[in-house]
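Novice: Have a look at this one before I ask anything.
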Amino acid sequence: MAEQQVIPEPSSSGPVGAVQAMGFPSPARDYYDAGLDLNRLLISDRVSSFIMRVSGHAMESAGIYDGDEIIVDRARTPQHGNVVVLRHNDQLLIRRWMLDGPRAGLLSDEATEPQWLSEGDDVEIFGLVTRCLHYVR
């Protein structure tokens, strides 16, 4: 069986570290008494973040699947290529935010080209998707 490693982000601290999917956990882990705080590990700004459940298959190439929960940060400004949650003409969507000079557009898995926004479009960005949580099957 091949060894699998998960490397944490540099900002991770506390009980989360590099995990090897073989062997057994270190007995020294029993002595860590600070607790597991998922807010500290997954959310950079508690005040501006929220969790939403995903419905649909439009962003599977980004690793976001039907039934997943996503963490959305309202305080971060989306850049070209970021995945965002937005309201577009009365539809709540998750799309990749695309910029081309003065133009802004939305890209999903179902499209090969961005849907470029026009002045008549009613758009409100709710926030930037920072994490995706899904069940291991």
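The values are calculated or read from the model by the stated rules, or taken from the named source; none is laboratory data. Every value quoted in this text rests on a predicted model; they were computed, and no experiment measured them. We place every Cβ from the backbone using ideal geometry, glycine too, and count neighbours over all the protein chains shown.
Novice: Within the group D45, D66, D33, which residue is of a type in the set (D, E, K, R), under 18 Å from G127 (Cβ atoms) and modelled with pLDDT under 95?
Specialist: Answer to the selection: D45.
Novice: Would you point out which residue out of G81, G67, G35 is in a loop (DSSP other than H, G, I, E, B), under 27 Å from R103 (Cα atoms) and not acidic (D, E)?
Specialist: Testing whether each residue is in a loop (DSSP other than H, G, I, E, B), under 27 Å from R103 (Cα atoms) and not acidic (D, E) leaves just G81.
Novice: Can you tell me which residue in the stretch 54-92 is nearest to H134 (Cα to Cα), limited to those that are surrounded by 13 or more Cβ atoms within 10 Å (Cβ to Cβ) and of a type in the set (D, E)?
Specialist: D68
Novice: Going residue by residue through the stretch 96-117, is there one that turns out to be under 12 Å from the mean Cα position of the chain (by Cα) and among the charged types (D, E, K, R)?
Specialist: Checked the stretch 96-117: at least one residue is under 12 Å from the mean Cα position of the chain (by Cα) and among the charged types (D, E, K, R).
Novice: Taking interchain pairs and intrachain pairs at least six residues apart, which have beta carbon atoms under 9 angstrom, with the first residue in the stretch 63-83 and free of Cβ contacts under 8 Å to residues at least 60 places away in the same chain and the second among the acidic types (D, E) and part of a strand (DSSP E or B)?
Specialist: Going by the 9 Å Cβ cut-off, the qualifying pairs are H80/D100.
Novice: With respect to the numbered conditions (1) of a type outside the set (A, V, I, L, M, F, W, C); (2) within 22 Å of S55 (Cβ to Cβ); (3) not in a loop (DSSP other than H, G, I, E, B), which one is the sole condition not fulfilled by R137?
Specialist: Of everything listed in (1) of a type outside the set (A, V, I, L, M, F, W, C); (2) within 22 Å of S55 (Cβ to Cβ); (3) not in a loop (DSSP other than H, G, I, E, B), R137 misses just condition (3).
Novice: Within the stretch 117-137, take every residue that is touching a residue at least 60 places away in the same chain (Cβ under 8 Å) and closer than 18 Å to H57 by Cβ and give me the one that is surrounded by the fewest Cβ atoms within 10 Å (Cβ to Cβ).
Specialist: Per the criteria, the residue is Y135.
Novice: While we're looking at this one, here's another question. Look at the stretch 93-116 and say how many of its residues are over 13 Å from M59 (Cβ atoms) and part of a strand (DSSP E or B).
Specialist: 8
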